[in-house]
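Accompanying notes for the structure given below.
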């Protein structure tokens, strides 16, 4: 029988401190973390303890070591790593269904909670999105599409929903890109304009209906392609 313990080992404490630096953004993705001597002095731990903590974070997918170069941050949070691995084992329809659930609730909450500044920013973001489509800039269109949806979720003011959505967006980047490139038509654009206008007008039901419509459009694209990525 295993016994419960409330005490963290020194290695776990060091790993948690380093993880908090990553999640707070002080150690950004792509950054090389400080060298061992500097970390040992700052954390007041031995080389072995530090290396064990680093190995734990490498195993969790937050850090990676480049031979002869150092250790780098490769993910902003452990949750993002877990979701990335899980999405690799999921089919495109399941991924789309999860996005549907999150974007539907995000739109519903955003329509209720958005601030005046957020309403103005959503309209500006919509204009940038439409401008990219008008000039045929598909890379820009995809980028602005992601930003638009993230802005809508941010206006929900639900921190868990925001974090979860951002991680899922990162994990399903390829699917989002392929679908968005395929869907840049007038009907798809109009559905998003209706979504933004509903949120700005604080019409929750209308916002949710707009989400239903463009997700149905995305599912139709998948069905047309036999469930494969467009």
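Structure summary
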{"item": "Residue 156, sole failed condition from (1) at pLDDT below 95; (2) closer than 20 Å to residue 105 by Cα; (3) more than 14 Å from the chain's Cα centre (by Cα)", "result": "(1)"}
{"item": "Residue 97 free of Cβ contacts under 8 Å to residues at least 24 places away in the same chain, assigned to a helix (DSSP H, G or I) and under 17 Å from the mean Cα position of the chain (by Cα)", "result": "yes"}
{"item": "Test: residue in the stretch 211-220 that is touching a helix residue (DSSP H, G or I) at 6+ places or on another chain (Cβ under 8 Å), modelled with pLDDT under 90, surrounded by fewer than 19 Cβ atoms within 10 Å (Cβ to Cβ) and closer than 19 Å to residue 87 by Cβ", "result": "yes"}
{"item": "Those helices (runs of 4 or more DSSP H) lying entirely in the stretch 114-207 with at least 1 residues within 22 Å of residue 97 (Cα to Cα) and in the same structural domain as residue 104 (by TED's automatic domain parsing)", "result": "138-154, 159-171, 173-182, 186-200"}
{"item": "Selection count, the stretch 80-94, where residues are surrounded by fewer than 16 Cβ atoms within 10 Å (Cβ to Cβ) and assigned to a helix (DSSP H, G or I)", "result": "6"}
{"item": "Those residues of the stretch 26-46 which are surrounded by 11 or more Cβ atoms within 10 Å (Cβ to Cβ) and either in contact (Cβ under 8 Å) with a residue 24 or more places away in the chain or assigned to a loop (DSSP other than H, G, I, E, B) (or both), in sequence order", "result": "27, 28, 29, 31, 32, 33, 34, 43, 45, 46"}
{"item": "Number of positions in the stretch 62-78 that are out of contact with any strand residue (DSSP E or B) (no Cβ under 9 Å at 6 or more places or on another chain) and surrounded by fewer than 15 Cβ atoms within 10 Å (Cβ to Cβ)", "result": "2"}
{"item": "Selection count where residues are on the phi > 0 side of the Ramachandran plot and in a helix (DSSP H, G or I), scope the stretch 56-79", "result": "0"}
{"item": "Qualifying residue in the stretch 48-55 (condition: in contact with a strand residue (DSSP E or B) (Cβ under 9 Å, 6 or more places away or on another chain), outside the structural domain of residue 169 (by TED's automatic domain parsing) and either modelled with pLDDT under 90 or in a loop (DSSP other than H, G, I, E, B) (or both))", "result": "no"}
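Conditions tested, residue by residue: (1) modelled with pLDDT of 95 or more; (2) crowded, with 19+ Cβ neighbours inside 10 Å; (3) over 13 Å from the mean Cα position of the chain (by Cα).
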position	(1), (2), (3)
115	yes, no, yes
130	no, no, yes
134	no, no, yes
167	no, yes, no
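The values are calculated or read from the model by the stated rules, or taken from the named source; none is laboratory data. These numbers were taken from a predicted model, which means no experiment stands behind them. Methodologically, a virtual Cβ is constructed for each residue, glycine included, from the backbone with ideal geometry; neighbour enumeration extends over all protein chains shown.
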